[in-house]
Amino acid sequence: MTGQDRTPVEIDTSKPHPARMYDWFLGGKDNYPVDEEMARQLLTIDSRGRDMARVNRAFMHRATRWLAENGVRQFLDIGTGIPTEPNLHQIAQQTAPDARIVYCDNDPIVLAHAEALLRSTPQGATEYIQADAREPDAILEQAGKVLDFGRPVALSLVALLHFVGDEDGAHALVSRLMDRLPSGSYLVLSHVTGDFDPEGAAKASALYKARGLTLRPRSREEFAEFFKGFELVDPGVSLTAEWHPELGEAVPVAGDDPIPAYTGVARKV
C-alpha cells in the first residue's frame, strides 16, 4: 500500500502498539488508552521513558542532517512511526531539496496520517508504504518505484530492531535490505539496551511479552554486530546523546545516568 492507495484499514485498539506508545511518550494525541496504560507501566520501570523518546528522535534528526550534508539524496525509513514534525524528509530536504524519501510502517494509524509524510519539496519526492518490517522483499519492491537502487540510499531503522527478536531474523532483515543497496549507502540504527539496568530491561521485556509483543534489548556487542562488514562513521557505536551532538539542539534529560540506548551510522563500502 502506498501513499496513493487509500484503502480503508482497521486499527486494532485491543492491544498496544509501539508506534502509538512512542507517540504518547512524545506528547502526541494519536494513541489509545491501551497504549497509554502500557506506556505508564513502562514508566514505573524507568521514569525517563519520555526522555528516551525525545533523545532518540533528536538522534534521527542529527543523523539525517549529517547524511544530507555528506551527499546522501535517498532515504528509506522503516518503522517510521506517527508523524511528528519535523519529519525525516523535512530535515533532509532542508539541506537537499531534491532528496527522495520512502517511509514504511505497519500501523494503520500511521497510514491515516501519511499525508504529513508526503509534503515534499517540488524538487524531491516522498512516499509511504504500508508494510511489515519483516517483509523486506515487499518493501524493496515498492520502494524501488521511488528510489534508484543504483545510487546510494540511507536505510534508517531507528528504534526498530529491538522489536524484532533473534528468532524472527533481525540480522537477516538488515542483511537482506543492505544487500540490495549499492556501495556508498548507509545504515542508521538506534536500539535500546539492558547494559545499564539488566533487571529493568528484563521487566520491560516481560511486560511486552505479556501483551503479545516483542522487546529484545541488546548489549553493545550485540548491537555492533548489525554493522559487521560496514564502515562505521565516527564516533562509531555510541550512546544516543553522544552521536554528533553539535548537529542538533541539546535535549535535557532527568538525572545523570545515560539513556539506555545505542546508536550508529555506517557506510557500505
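The values are calculated or read from the model by the stated rules, or taken from the named source; none is laboratory data. Computed from a predicted model, the values in this text were never measured in an experiment. A quick note on method: Cβ atoms are made from the backbone with ideal geometry, for glycine too, and the neighbour counts reach across all protein chains shown. Accessible surface areas use protein heavy atoms only, side chains included; no ligands, DNA or RNA. Shrake-Rupley method; radii C 1.70, N 1.55, O 1.52, S 1.80 Å.
Tell me, which residue of the stretch 37-64 that is over 15 Å from the mean Cα position of the chain (by Cα) and more than 18 Å from residue 17 (Cβ to Cβ) is most open to solvent (accessible area, probe 1.4 Å)?
Applying the filter and picking the extreme gives 44.
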I need a count of the residues in the stretch 55-71 that are part of a helix (DSSP H, G or I), of a type outside the set (A, V, I, L, M, F, W, C), free of Cβ contacts under 8 Å to residues at least 60 places away in the same chain and more than 13 Å from residue 159 (Cα to Cα).
1
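Yes/no per residue for (1) over 30 Å from residue 14 (Cα atoms); (2) among the small types (Gly, Ala, Ser); (3) under 18 Å from the mean Cα position of the chain (by Cα); (4) part of a loop (DSSP other than H, G, I, E, B):
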| residue | (1), (2), (3), (4) |
| --- | --- |
| 205 | no, yes, no, no |
| 215 | no, no, yes, yes |
| 221 | yes, no, no, no |
| 224 | yes, yes, yes, no |
| 263 | yes, no, yes, no |
| 269 | yes, no, no, yes |
Odd one out for residue 185 among (1) open to solvent by 30 Å² or more (accessible area, probe 1.4 Å); (2) among the polar types (S, T, N, Q); (3) in contact with a Leu (Cβ under 8 Å, 6 or more places away or on another chain):
(1)
Mind listing whichever residues of the stretch 132-146 are in contact with a strand residue (DSSP E or B) (Cβ under 7 Å, 6 or more places away or on another chain) and open to solvent by less than 10 Å² (accessible area, probe 1.4 Å)?
139, 143
Tell me whether the stretch 77-94 contains one or more residues that are under 21 Å from the mean Cα position of the chain (by Cα), in contact (Cβ under 8 Å) with a residue 12 or more places away in the chain, surrounded by 14 or more Cβ atoms within 10 Å (Cβ to Cβ) and farther than 27 Å from residue 174 by Cβ.
yes
Those residues of the stretch 172-182 which are surrounded by 20 or more Cβ atoms within 10 Å (Cβ to Cβ) and either outside any helix (DSSP H, G or I) or among the aromatic types (Phe, Trp, Tyr) (or both) amount to 181
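Evaluate the following for residue 234: is it open to solvent by 60 Å² or more (accessible area, probe 1.4 Å), touching a Phe, Trp or Tyr at 6+ places or on another chain (Cβ under 9 Å) and not hydroxyl-bearing (Ser, Thr, Tyr)?
Values: open to solvent by 60 Å² or more (accessible area, probe 1.4 Å): yes; touching a Phe, Trp or Tyr at 6+ places or on another chain (Cβ under 9 Å): no; not hydroxyl-bearing (Ser, Thr, Tyr): yes.
No; evaluated as a whole, the condition is false for this residue.
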Please tell me if residue 155 is in contact with a helix residue (DSSP H, G or I) (Cβ under 6 Å, 6 or more places away or on another chain), in a helix (DSSP H, G or I) and modelled with pLDDT of 95 or more.
no
First in the stretch 245-256 and touching a residue at least 60 places away in the same chain (Cβ under 8 Å), second anywhere and β-branched (Val, Ile, Thr) and surrounded by 10 or more Cβ atoms within 10 Å (Cβ to Cβ), Cβ under 8 Å, 6 or more apart:
251/55; 253/55; 253/259
Among the numbered criteria (1) in contact with a helix residue (DSSP H, G or I) (Cβ under 9 Å, 6 or more places away or on another chain); (2) closer than 25 Å to residue 66 by Cβ; (3) surrounded by 15 or more Cβ atoms within 10 Å (Cβ to Cβ), which one does residue 216 miss?
(2)
Can you tell me how many residues within the stretch 95-131 are surrounded by fewer than 16 Cβ atoms within 10 Å (Cβ to Cβ) and farther than 18 Å from residue 23 by Cα?
5
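Tally time: how many residues in the stretch 183-199 are within 22 Å of residue 221 (Cβ to Cβ), part of a loop (DSSP other than H, G, I, E, B) and of a type in the set (Ser, Thr, Tyr)?
1
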